[in-house]
Amino acid sequence: MLDALALPFPIDSRAGAATLRRAVVDDADAVIALLSDDPISASRGDVASLEDRPAYASALEEILADPSNDLLVVELDGAVVGTLQLTSIPGMARRGARRLLVEAVRVRSDLRSSGIGSAVMRWISDDAAPALGSAMVQLTSDAARTDAHRFYERLGYVGSHVGFKYQVPRA
């Protein structure tokens, strides 16, 4: 858990007043639903299967126990409608610059374009990154997510690198 983050944080959106807060174990099902609500994630296996729930719950507990990680959710009218993971990474490059890595940003499909995602990403750059001493915020986005790329570029993010992944074979 990233203790330096000032949470909960109020979010104004066209859908109404929401709250960005730290996830708790009881949010696991809502986060799983958000991941599976995305066609690209679903194609990778995030299909909200009951048999996968223990793996998700274990991951959530591990994230929340790690002082360099946090899982956040956006709550609107008592429902979790968004999520993201933050990881604070110390580095040697760029004169020892700390990076804030943003992963698995999701907003419920019926609330996309409501301003929730923009508000969360502005909070990350304006509040979270400085609070954590980060020199930069970085994220990756699947090459197929062209709408997401335009979204991040509108917020000032620059597609400056090419990312590579290696899928480790399961034993």
message: Can you sort HIS161, HIS149 by solvent-accessible area, 1.4 Å probe, largest first?
response: HIS161, HIS149
field: Local net charge near ILE89, Cβ-Cβ under 11 Å (Lys/Arg +1, Asp/Glu -1)
entry: +2
field: Under 13 Å from the ASP147 label point (7 Å along Cα→beta-carbon), backbone N, region 23-40
entry: 37-40
query: Hey, in the GNM for the chain with a 10 angstrom Cα cutoff, which one of ALA143, ALA129, ALA57 fluctuates hardest?
result: ALA143
field: Calculated FRET efficiency for the pair GLN167/ASP110, C-beta based, R₀ 35 Å, to 0.05
entry: 0.65
- line: In whole percent, the fraction of accessible protein surface over the chain that belongs to carbon or sulfur atoms, probe radius 1.4 Å, stands at 53
query: Hey, any idea what the orientation-averaged projected area of the convex hull of region 16-56's Cα atoms comes to, in nm²?
result: 3.7
- prompt: Given a cut-off of 29 Å, what percent of all Cα-Cα pairs of the chain lie beyond it?
  reply: 17
- line: Length-normalised contact order of region 54-138, Cα under 8 Å, at least 6 apart, in percent, tallies to 22
field: the chain: most fluctuating residue of ARG14, ARG108, ARG99 per GNM, C-alpha cutoff 10 Å
entry: ARG14
MRE, 222 nm, helices only [DSSP H, n ≥ 4, -39500 (n - 2.57), over the chain, to nearest 500]: -7500 deg cm²/dmol
- prompt: Under the definition of Cα pairs under 8 Å and six or more residues apart, what whole-number percent is the relative contact order of the chain?
  reply: 21
- line: Here the convex hull volume per residue of region 106-147, taken over Cα atoms and given in Å³, is 83
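The values are calculated or read from the model by the stated rules, or taken from the named source; none is laboratory data. Treat the numbers as computed from the prediction; the structure is a model and nothing was measured. Positions of Cβ are backbone-derived with ideal geometry, glycine not excepted, and every protein chain shown enters the neighbour counts. Surface accessibility is based on the protein's heavy atoms, side chains included, excluding ligands, DNA and RNA. Shrake-Rupley method; radii C 1.70, N 1.55, O 1.52, S 1.80 Å.
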